[in-house]
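**Student:** Mind looking over this structure? Questions follow.
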Amino acid sequence: MRLIQCEHHGRIHAARVESDREVRLLDSDTYTLSRRAISAGQSLAATVESALTETRLDYQRLVDEKRLLPPLTHPDPAHCLVTGTGLTHLGSADTRSAMHAKTQVSEAELTDSMRMFKLGVDGGKPAAGSVGAQPEWFYKGDGSCVVAPETEIPVPPFAEDAGEEPELAGLYVIGDDGQPWRVGYAIGNEFSDHVTERFNYLWLAHSKLRACSFGPELLIGELPKHLEGTSRIVRGNETVWEKPFLTGEANMAHSLANLEHHHFKYAGFRRAGDVHVHFFGTATLSFADGVQTRDGDRFEIALSEFGRPLRNPLRFEADQPAIEVKSL
């Protein structure tokens, strides 16, 4: 089952995807439906079935009229935390072989990044009920940094690069008792400045640029272990870069359960009622192939299991003066 969110008559509604052309409206938004399911002690899928209305909407019209929204939002964006993990994916067979070869050196010769990757390879998939190696972790921002599907991603004037990161995103709601509940998964574009990141890994936080996008569809239920998608950049009517990418646990050094544990082990991330969007990492970047994006370029990230691709054009922002802090 897949859901979207859209604006309808001035309100936010979730809708079940019936086909690539039609969605069926639900009586509320995804956040409300998730909390309803938690309170009732039933699955989200069952809650969706009971919330269906008779209203059917044209999917493409929602796109054309810019009424498509991220598939999970919080009524107060400050109560949505956007985070992620890196160095989680093994990538293709060739990349995997090369990365393994790089870890077959003495501990003293390993870079910090390769040491972190090796920790994941060696201990990122512990037995059920056990805790594995910690991943790299980063904070993006709150819900205000999330850009809706089909909407422009802003590129701040201080960015050295504006590159896509095709990823899976886990979407969560925290219950009133502090229990994290996974609502489902979505395609994500974590979006980063890879020039800044490459200069020094201690600038990783600066490289994240805050803006990101996920959706348009939320996948409810089990996630396939192996997923094959396509990431591309379209300039005008021309595809200037395209590459397949692999994701899912079969292509990762860490299990999703291990990544989730190391995020939600902090009590502050189990605050009742909050929404969490957590990006699980990638192994495929246009930056690695020397691509430099331009104003108006469009990112398109597709995974067939998730329905419509996630599409976002770029908008480069004008320069700004230095931020001045004033004393009170």
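**Student:** Only one of (1) touching a Gly at 6+ places or on another chain (Cβ under 9 Å); (2) not assigned by TED's automatic domain parsing to the domain that holds Gly120 fails for Ser327. Which number is that?
**Tutor:** All conditions are met except number (1).
**Student:** If you don't mind, there's one more thing I want to ask. Inspect all residues belonging to the stretch 279-288 and state whether any of them is under 25 Å from Pro154 (Cα atoms), more than 17 Å from the chain's Cα centre (by Cα) and surrounded by fewer than 22 Cβ atoms within 10 Å (Cβ to Cβ).
**Tutor:** Yes, the stretch 279-288 contains at least one residue that is under 25 Å from Pro154 (Cα atoms), more than 17 Å from the chain's Cα centre (by Cα) and surrounded by fewer than 22 Cβ atoms within 10 Å (Cβ to Cβ).
**Student:** Among what's in the stretch 201-256 and is among the aliphatic types (A, V, I, L, M) and in a helix (DSSP H, G or I), pick the residue that is surrounded by the fewest Cβ atoms within 10 Å (Cβ to Cβ).
**Tutor:** Going through the qualifying residues, I end up with Leu202.
**Student:** Determine whether Leu310 is in contact with a His (Cβ under 8 Å, 6 or more places away or on another chain) and either over 21 Å from Glu136 (Cα atoms) or crowded, with 17+ Cβ neighbours inside 10 Å (or both).
**Tutor:** Considered against the rule, which asks whether it is in contact with a His (Cβ under 8 Å, 6 or more places away or on another chain) and either over 21 Å from Glu136 (Cα atoms) or crowded, with 17+ Cβ neighbours inside 10 Å (or both), Leu310 comes out as no.
**Student:** Could you tell me whether any residue of the stretch 47-57 is of a type in the set (Lys, Arg) and part of a helix (DSSP H, G or I)?
**Tutor:** There is no residue in the stretch 47-57 that is of a type in the set (Lys, Arg) and part of a helix (DSSP H, G or I).
**Student:** Any residue at all in the stretch 175-182 that's among the hydrophobic types (A, V, I, L, M, F, W, C), surrounded by fewer than 23 Cβ atoms within 10 Å (Cβ to Cβ), assigned by TED's automatic domain parsing to the domain that holds Arg235 and not in a loop (DSSP other than H, G, I, E, B)? Steps first, answer last, please.
**Tutor:** Narrowing the stretch 175-182 to residues among the hydrophobic types (A, V, I, L, M, F, W, C): 181.
Still in the running and surrounded by fewer than 23 Cβ atoms within 10 Å (Cβ to Cβ): 181.
If we keep only those that are assigned by TED's automatic domain parsing to the domain that holds Arg235 too, we end up with 181.
Add one more test, that the residue is not in a loop (DSSP other than H, G, I, E, B), and what stays is 181.
Yes, because at least one residue in the stretch 175-182 is among the hydrophobic types (A, V, I, L, M, F, W, C), surrounded by fewer than 23 Cβ atoms within 10 Å (Cβ to Cβ), assigned by TED's automatic domain parsing to the domain that holds Arg235 and not in a loop (DSSP other than H, G, I, E, B).
**Student:** Does Arg198 fit the bill of being surrounded by fewer than 15 Cβ atoms within 10 Å (Cβ to Cβ) and either in a helix (DSSP H, G or I) or in contact with a strand residue (DSSP E or B) (Cβ under 6 Å, 6 or more places away or on another chain) (or both)?
**Tutor:** Considered against the rule, which asks whether it is surrounded by fewer than 15 Cβ atoms within 10 Å (Cβ to Cβ) and either in a helix (DSSP H, G or I) or in contact with a strand residue (DSSP E or B) (Cβ under 6 Å, 6 or more places away or on another chain) (or both), Arg198 comes out as yes.
**Student:** Same structure, new question: Could you please give the count of residues in the stretch 16-25 that are over 16 Å from Leu171 (Cβ atoms) and among the hydrophobic types (A, V, I, L, M, F, W, C)?
**Tutor:** Final tally of qualifying residues: 2.
**Student:** Taking only the stretch 169-198 into account, find how many residues are in contact (Cβ under 8 Å) with a residue 24 or more places away in the chain and farther than 19 Å from Cys145 by Cα.
**Tutor:** Residues that pass the stated criteria total 13.
**Student:** Next up: Please work out if Leu227 is free of Cβ contacts under 8 Å to residues at least 60 places away in the same chain and either over 16 Å from Phe287 (Cα atoms) or of a type in the set (A, V, I, L, M) (or both).
**Tutor:** no
To keep it simple, each residue is scored yes or no on (1) hydroxyl-bearing (Ser, Thr, Tyr); (2) modelled with pLDDT of 90 or more; (3) closer than 15 Å to Gly281 by Cβ.
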| site | (1), (2), (3) |
| --- | --- |
| Ser106 | yes, no, no |
| Leu110 | no, no, no |
| Ser113 | yes, no, yes |
| Phe117 | no, no, yes |
| Ser130 | yes, yes, no |
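The values are calculated or read from the model by the stated rules, or taken from the named source; none is laboratory data. Keep in mind that what you see is a predicted model, and the values were worked out from it rather than measured. FYI the Cβ positions are ideal-geometry reconstructions off the backbone, even for glycines, and counts take in every protein chain you see.
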